[in-house]
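The values are calculated or read from the model by the stated rules, or taken from the named source; none is laboratory data. Remember, predicted model here, so these are calculated numbers, not experimental data. Cβ atoms come from the backbone with ideal geometry, glycine included; neighbour counts cover every protein chain shown.
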Amino acid sequence: MKRFLTAIVACIALVSCSERDASDILVFVKQYADTVNAGAKVDFLVNAFTIHDKVVRVTFASFDETYGAQDLGFVEPNVVNWTDHFYYDAPFLVKDTSTVRIKFIAEDNLGNSVTEESRLVVISKDRPLEDHSGLTVHSAAYGSSDGFCLRTRQVISSGTADDSEKDILLADDGSVSTATNAVFSLVPAFDYPSATRRSVEDTFKALTKSVSLPALKVDDVFLVGRKDLESGTMTAWGVFKVMAVFEEGTGVRLVLNYKYI
């Protein structure tokens, strides 16, 4: 019984200490938007104050499923009561709709700290796609670098690569084929510079797909995706633009730009 009472007293002491430390410094956050489109700037009004000499540091951080934990910087107010705006640029995320957790951590000169967390829903479906430029693919006449793997986004050699990597194969006449479940759609009028996830997916759905393309020319644009062999469902993976075509001996060399979903 004595040991039990001792444990209760210890717990009360811990709780009291924790509550005292937590109330030594406080941080309040006013969030001006709960749901935004990716790329938007979001305003947070942050107020931190302490019962001691000064708030020495306010740290900002975020977490989401695409980028993980991100350090968003800090300020060192060195005042008892600090209020200011924090502006957050909503990122473009992999999922159409994702939640970002944003943390505000305030610390005072005696080492007390407190954390406030806000949640922001970010809509990212129409995010612009990252451009990978200068991919050089040779036809088989050169003996190497005659293909491309969608999964690794790397140029490959059909002579040494695994069959599962041979998504795009370039023939000596400049035509394209595949050894996997890749499918293609040639779309000359597609707006490559402004390509977004939505524009690629919507265009890909509307077009006829093929397992090959005729000889490619400069400025040709083609979409690429995969066909599920069981369900027949087509999924867009990205878009290519032919930047240059060089005829060399009995083969060709292509310079491609690629934007992937």
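Tell me, which residue of the range 225-261 that is at pLDDT below 95 and among the polar types (S, T, N, Q) is farthest from Ser194 (Cα to Cα)? So the residue we want is Thr250. Scan the range 190-204 and tell me whether some residue there is in the same structural domain as Asp146 (by TED's automatic domain parsing) and over 26 Å from the mean Cα position of the chain (by Cα). No, that holds for no residue.
Going by the structure shown, is Asp108 of a type in the set (D, E, K, R) and surrounded by 14 or more Cβ atoms within 10 Å (Cβ to Cβ)? So Asp108 passes the test. The requirement of being farther than 30 Å from Gly174 by Cβ and either modelled with pLDDT of 95 or more or assigned to a strand (DSSP E or B) (or both) is satisfied by Leu72. Filter the range 225-246 down to the residues that are farther than 22 Å from Gly134 by Cα and part of a strand (DSSP E or B) and list them by number. Correct list: Arg226, Lys227, Met234, Thr235. Restricting the range 150-207 to residues that are of a type in the set (Ser, Thr, Tyr) and in a strand (DSSP E or B) leaves a set whose member that is farthest from Val245 (Cα to Cα) is Thr196. Restrict the check to the range 54-62 and report whether at least one residue is under 30 Å from Asp96 (Cβ atoms), at pLDDT 95 or above, surrounded by fewer than 16 Cβ atoms within 10 Å (Cβ to Cβ) and not small (Gly, Ala, Ser). Checked against the condition, which is being under 30 Å from Asp96 (Cβ atoms), at pLDDT 95 or above, surrounded by fewer than 16 Cβ atoms within 10 Å (Cβ to Cβ) and not small (Gly, Ala, Ser), the range 54-62 yields no hits at all.
Filtering Asp108, Asp89, Asp146 for residues that are in contact with a strand residue (DSSP E or B) (Cβ under 6 Å, 6 or more places away or on another chain) and assigned by TED's automatic domain parsing to the domain that holds Arg226 leaves a single hit, Asp146. Put simply, of Thr136, Thr115, Thr66 the only residue that is out of contact with any Phe, Trp or Tyr (no Cβ under 6 Å at 6 or more places or on another chain) and either crowded, with 17+ Cβ neighbours inside 10 Å or assigned to a loop (DSSP other than H, G, I, E, B) (or both) is Thr66.
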